[in-house]
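To start, the structure itself, in structure tokens.
Every number in this text was worked out from the coordinates using simple rules, so none of it is lab data. These numbers were taken from a predicted model, which means no experiment stands behind them. FYI the Cβ positions are ideal-geometry reconstructions off the backbone, even for glycines, and counts take in every protein chain you see.
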Amino acid sequence: MEHAVVEGESFSSECSTLLMPALSIGNVGQLAVDLLVSSSRARRVAYLDEPSVLPCAGNDAFGPDAVGDLALALEAYESPTHKLAFIQQRSPIITGMVVSFAKNVANFVSSIEKDHVVILSSLDSGKRRVIDASSDMQVYYLSSCNEDGSDLECDKLGWKKLEEYDPSQRRWKYLASLVEGGDLSEDMASDNDEMTINDYYSSLPFAALFSACKAKGLKVTCVLCYCSEGDNMPESFQLAEAVCKLVAQDPEQFHGNGPNGWTIPLSWKSVYGPPPDLSIF
């Protein structure tokens, strides 16, 4: 992964925790990172060039005004005040290149000497085995702290370890082998019809990023929630709030223009396009 540092900027050793999304259903991870970048007033420090990510360009994502400052597919941000770094991904990974992308990300994060990688992502609620009837969104996690994916600090926050993670299960083992340089075997490439519910989780981008960062010796925590397609802004607020607890930040200290201290990104105003022309009514 190549990168072009923005003029006058550089990666800071003080921003030792890096947060990034793993693309999935509902784009909750991307929305949450947008919210965190905007609210922490992080500055863009680099544009990232990754051949496995489709190119895209758009207007300034954070504002406060759309002044034509281009937003590209992969960018790095840092907030020295809050000691946080971010990677934002705005376009999907090319089919068949998820593992390559994950390995390149892990190598890049290691090269800029970040101590902790936090991956924000979402899971398809249709794959859920047990329905939680409570009104609050349940946060799930996966951590490199222990071999079984558990982490006492995450447990203390009331989060649940992703039960579907089993490092001894065939596809999780295969994924770990791939990120360490193994080849695609014919039996694994041709058995899509035999995939189980557990295989769904190991096939997602967050799993590849987790495995690649872990193989690189990085501390990595995945913060996950279930959702469906639709308006997932409420889930993004809750996921961002959960991450703030993990990295010891209080959203109230952001002093934003939105609820509970958040600063709503400018790009959110056009998520569903402009309002309808009233003359049609």
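One table, with the values for the structure above:
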quantity: Neighbour net charge for ALA208 - beta-carbon separation under 13 angstrom, K R +1, D E -1; calculated: +3
quantity: Other-chain or far-sequence residues with amide H under 5 Å of LEU19's (modelled H); calculated: ALA85, PHE86, ILE87, VAL118
quantity: Rotationally averaged projected area of the range 41-178 (alpha carbon convex hull; nm²); calculated: 11.3 nm²
quantity: Whole-angstrom gap from the range 222-281 to the range 105-129, using each part's C-alpha centre; calculated: 19 Å
quantity: Radius of gyration and Dmax over the Cα atoms of the range 2-268, both given in Å; calculated: 17.8, 54
quantity: Whole-number percent relative contact order across the range 40-186, with pairs defined as alpha carbons under 8 Å at least 6 apart; calculated: 16 percent
quantity: Relative contact order [Cα under 8 Å, 6+ residues apart], the chain, whole percent; calculated: 26 percent
quantity: In degrees, nearest ten, helix 98-111 long axis to first principal axis of the chain (Cα); calculated: 70 degrees
quantity: Angle in degrees between helix 170-179 and the longest Cα principal axis of the chain, rounded to the nearest 10; calculated: 60 degrees
quantity: Two-decimal ratio, the range 1-82, of alpha-carbon radius of gyration to 2.2 N^0.38 Å; calculated: 1.09
quantity: Share, in percent, of DSSP beta bridges within the chain that are antiparallel, nearest 5; calculated: 50 percent
quantity: Partner lysines for LYS214 [C-alpha distance under 30 Å; skip if fewer than 8 residues away on the same chain]; calculated: LYS83, LYS103, LYS114, LYS127, LYS156, LYS160, LYS161, LYS173, LYS245
quantity: Helical contribution to [θ] at 222 nm, DSSP H n ≥ 4, -39,500 (n - 2.57), averaged over the chain, rounded to 500; calculated: -8000 deg cm²/dmol
quantity: Computed label-point distance, nm, for sites LYS160 and GLN138 using a 7 Å Cα→Cβ extension; calculated: 0.1 nm
quantity: Highest average packing first - 216-229, 103-116, Cβ atoms within 10 Å; calculated: 216-229, 103-116
quantity: Gaussian network model of the chain, springs between alpha carbon atoms under 10 Å - residue of GLN88, GLN238, GLN253 with greatest fluctuation; calculated: GLN253
quantity: Most fluctuating residue given options LEU74, LEU18, LEU152, as computed from a GNM of the chain linking Cα atoms under 10 Å; calculated: LEU152
quantity: Between helix 205-215 and the chain: long-axis angle, C-alpha atoms, 0 to 90°, nearest 10; calculated: 70 degrees
quantity: Dipole magnitude (debye, nearest 20) for the chain, charges at Cβ of Lys, Arg, Asp, Glu; calculated: 380 debye
